[in-house]
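Remarks on the structure that follows.
The values are calculated or read from the model by the stated rules, or taken from the named source; none is laboratory data. Everything numeric here is computed off the predicted structure, so don't read it as measured data. Virtual Cβ from ideal backbone geometry, glycine too; neighbours counted across all protein chains shown. To get the accessible areas, we keep the full protein, side chains included, count just its heavy atoms, and leave off ligands, DNA and RNA. Shrake-Rupley method; radii C 1.70, N 1.55, O 1.52, S 1.80 Å.
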Amino acid sequence: MIEIDLMNKADRFAADYIASVKTRRVFPDDAAIKGLTRFDEELPTQTSDPADTLNLLDEFGTPATVTSNGGRYFGFVIGATLPAAAAAERLASAWDQCGSSFVNSPVAAKIEDVATKWVLDILDLPRESRIGFGTSATACGLSMLAVARRALLKRKGWDIDADGLIGAPEVKLMVSETIHITIKKAARLLGFGLNRLIVAPTNHDGLVDLAKLPEIDDMTIVCLQAGEVNKGGFDPFTQIIDIAHKAGAWVHVDGAFGLWARASAAKKHLTTGVELADSWTTDGHKWLNTPYDGAMAICKHADEFAETLNSDAVYSTAEPFAQKNLVLEFSRRARGIPIWAALRSLGRQGVDDMVTRHCEQAQRLSHGLRGIGVTVLNDVAINQVLCTLGDSLKNEALLKSISASGEIWFGPSKWNGDDVFRLSVSSWRTTDEDIDRAIAAIEKALATI
Ligand SMILES: Cc1ncc(COP(=O)(O)O)c(C=O)c1O
């Protein structure tokens, strides 16, 4: 019973935390951060009461959290976790399943199959695609670039699995000037070499400029963006993918958050043509509001996908599209369960409403900010608002003042080499009142700098 008491206590702490989210400071104060020194202990030699560990975590850990699970957090693109997703995650963590394949966990395999169908449906991507529910857009992007490279080499008769890369025909990776850092990380890790990347010039919105599109051939992976990280724009998919496919290239789309614009009837047109690509990555833990770390590698060439990531072992052969053959991990949490739960509880209309509402709230925010003298640098089409006070020192002072206030939080960015700041509306908890509080908090901070 000690275990059950402990779980009840953990659930009580968790419920108290959730109940406090609306009124908590967004960024912890200095006292809470100083309190973290309480964790500076030597590794204990003796076993202790598990409740002591939980108490310590709640007493000194809880106050030092960032309330990114609330409605007044506008940093990065961080959605709060939806109740159904959080609850499903809680139960699944008690199940403690290894979601590698059906034989490890029939329930995990079934639910992730259903989640695959639903994600392809709501994002309106080719239904023959398979999805690996991985840890992050970083890991899933890395996987997809590996799949793409293997496929292009295979078409040239080169077997990268057997013969590696030495002596292989070169596969080139084309990225846009504004590509996310994690694609560059994947490129480095896979040995593409940053100096060998083909960089497609971008326009004033950070989107690939069609008129300046570099040459593409049948040994090129073209990596485009659905949701540029600062201004939130979409590359001209239809035209570029047509050119790329006529040349025999592979097109991958990083849609870590922006792909979810497809779930909004009002915004889907911004993404037209993205469905023509070969592979995509997206996160649940951003705009779908599911827990960390839950992402999706999506590929319409299912066999090539599963062959590249195959990890059948002598003791563990599985059905070809088992999750262990679609993600980097062998043992894994079934990350598709909270994604399934979010989709099931919101339904198609609920996801549409949430995404559309965030876009409208971003508009409300940009109008309010313009009204108090902030320069908004983008036409706010989705949920990103990119701003400046026109001076790096002023921007920095604003960010410092905002962080100290505990009222809201957002972070810095760079645009064309200049310091700027960025607000993203992506939490299901954000209300119009939260948006107005954000504008008021910024106005108050501006008066002090
Ligand atoms: C456009 C874009 N791509 C990729 C990533 C990486 O995603 P993750 O944090 O899930 O690795 C992010 C954000 O972090 C992003 O905004």
Note to self: Quick check on region 66-82. Is at least one of its residues in a helix (DSSP H, G or I) and either within 16 Å of the ligand (Cβ to nearest atom) or of a type in the set (S, T, N, Q) (or both)?
What the structure shows: no
Notebook entry, point to check: Do we find a residue being free of Cβ contacts under 8 Å to residues at least 24 places away in the same chain, within 16 Å of the ligand (Cβ to nearest atom) and loosely packed, with under 15 Cβ neighbours inside 10 Å anywhere in region 209-226?
Noted result: no
Checklist line | Out of L288, L328, sole residue that is within 16 Å of the ligand (Cβ to nearest atom) and either part of a helix (DSSP H, G or I) or open to solvent by less than 10 Å² (accessible area, probe 1.4 Å) (or both) | finding: L288
Margin query: Out of the residues in region 246-267 meeting the condition of being assigned to a loop (DSSP other than H, G, I, E, B) and farther than 21 Å from I198 by Cβ, tell me which one is nearest to the ligand (Cβ to nearest atom).
Written below: A256
Margin query: Could you check region 83-105 and list, in sequence order, the residues that are open to solvent by less than 10 Å² (accessible area, probe 1.4 Å) and closer than 25 Å to D353 by Cβ?
Written below: A85
Next item on the list: Quick one: count up the residues across region 127-141 that are open to solvent by 10 Å² or more (accessible area, probe 1.4 Å) and either assigned to a loop (DSSP other than H, G, I, E, B) or within 8 Å of the ligand (Cβ to nearest atom) (or both).
Entry: 7
Item checked: Condition broken by G232, with the remaining ones in (1) more than 11 Å from the ligand (Cβ to nearest atom); (2) in a loop (DSSP other than H, G, I, E, B); (3) crowded, with 24+ Cβ neighbours inside 10 Å satisfied -> (1)
Item checked: Residues located in region 345-378, provided they are out of contact with any Phe, Trp or Tyr (no Cβ under 8 Å at 6 or more places or on another chain) and either within 30 Å of P106 (Cβ to Cβ) or of a type in the set (V, I, T) (or both) -> S345, L346, G347, R348, G350, T356, I372, V374, T375, V376
Note to self: Of everything in region 168-183, what is within 16 Å of the ligand (Cβ to nearest atom) and surrounded by 16 or more Cβ atoms within 10 Å (Cβ to Cβ)? Give them in sequence order.
What the structure shows: L173, V175, S176, T178, I179, H180, T182, I183
Next item on the list: Identify, by number, the condition in (1) in a helix (DSSP H, G or I); (2) within 16 Å of the ligand (Cβ to nearest atom); (3) open to solvent by less than 20 Å² (accessible area, probe 1.4 Å) that A115 doesn't meet.
Entry: (2)
Notebook entry, point to check: What do you reckon, is T238 in contact with a strand residue (DSSP E or B) (Cβ under 8 Å, 6 or more places away or on another chain) and either at negative phi or open to solvent by 10 Å² or more (accessible area, probe 1.4 Å) (or both)?
Noted result: no
